[in-house]
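The block underneath contains the structure these notes are about, expressed in structure tokens.
The values are calculated or read from the model by the stated rules, or taken from the named source; none is laboratory data. The model shown is predicted, which means the values in this text are computed figures rather than measured ones. Don't worry about glycine lacking a Cβ; one is built from the backbone with ideal geometry, like all the others, and counts go over all protein chains shown. We work out accessible area using only protein heavy atoms, side chains counted, and drop any ligands, DNA or RNA first. Shrake-Rupley method; radii C 1.70, N 1.55, O 1.52, S 1.80 Å.
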Amino acid sequence: MLKVKDISEQELLKKLRHFCPENIIGDDAAILPTQPNKSLVVTTDTLVDGVHFSDRTTSPEDVGWRSAAANLSDIAAMGAFPIGITIALGLTVDTPIAWCEQLYQGISECLQPYNTPIVGGDIVRSPVSTISITAFGQIDGGYTILRSNCQPKNVIVATGVHGASRAGLELLLYPELGESLTELERSDLILAHQRPKPRLDILDTLWDCLSLNSFSATKGSKNSILVGGMDSSDGLADAIIQICQASQIGARIERNQIPIPHSLTKFVSDEQALNWALYGGEDFELVLCLPPNCGQELVKRIGVGAAIVGTTTNNTDILLIDSQGIYPNEQLTLSQGFQHF
């Protein structure tokens, strides 16, 4: 009998997708039309003790923050704004009450800047602690971001640096690695892991850039430019590959344009820093495919950390290239990132 350990996460998802409407799933969240030009966006994410967090590296408050941020990032990846969340907890009988309260404190601190309430949930007994959050968002029909919206000759924009969260985790696990870092550099990398920020802050800027660069004959039409994208919670390479596969296109990613924190190369090699940027995950930035003029304007407005990392192509090859000619072309693959099974 075939078991989940025998196949990849993506292969399991393909089997389960047959039970869902084709036009609903496949992105960071589901979009459910509720009224003319308005839709409800729904996403669920689960964190498991010993897999996604541990007392060794993450306080209860930070576990709460990270669990909320993961869901808000999925909402942002669809172009939506959050309106509420529910929380389902699986708890061992020995879980301290203070741990639960501190968990909720961290969740609340993450939600507060976005005026997002906790509107319900569930608590069950479990052999291992789990946190499952369902987030609800609202979206204007013309402002939707989909993985399948990407077009050939788009530029690929990363809204911030990558590799910082993985570096922060390594510093928490092996503090001696960061002896060459300043205290500020160390704390910034650790904070990137413990308290990532969902990029809801750039959505208004994105739509403004698209409006200014609209190709539509109708001035300011929000439907004139399709935006392809998702978040990079599972790594920059994963996001680029998933977008390209959904849009049935390819990409050329310039290794020297990938935004990596300067502090990483102070304690790991350039190759290790690049690997963490591509495959480390949990940076919670957005990866967006846009017409060149829109992408350039967006990067300019976001500022430090944002970058155009590559362009999309008509074929299906997804290549990491080096315009300086030092490194050979390399095919990006999902196999190097985190695998659940």
Residues being more than 18 Å from P196 (Cβ to Cβ) and small (G, A, S) - total across segment 81-111:
4
Show the residue pairs that are 6+ apart or on different chains and have beta-carbon atoms under 7 Å apart, the first residue being within segment 183-206 and among the polar types (S, T, N, Q), the second being open to solvent by 90 Å² or more (accessible area, probe 1.4 Å).
T205/R301
What is the residue count in segment 50-83 for residues that are on the phi > 0 side of the Ramachandran plot and at pLDDT 90 or above?
1
In segment 63-102, what residues are open to solvent by 20 Å² or more (accessible area, probe 1.4 Å) and either assigned by the TED database to the domain that holds L191 or touching a residue at least 60 places away in the same chain (Cβ under 8 Å) (or both)?
W65, F81
In the set L16, L47, L12, which member is part of a helix (DSSP H, G or I) and either modelled with pLDDT of 85 or more or exposed (fewer than 12 other Cβ atoms within 10 Å of the Cβ) (or both)?
L16
Are any of the residues in segment 304-318 touching a Ser or Thr at 6+ places or on another chain (Cβ under 7 Å) and within 25 Å of L177 (Cα to Cα)?
no
Is there a residue in segment 281-293 that is aliphatic (A, V, I, L, M), in contact with a helix residue (DSSP H, G or I) (Cβ under 8 Å, 6 or more places away or on another chain) and assigned to a helix (DSSP H, G or I)?
no
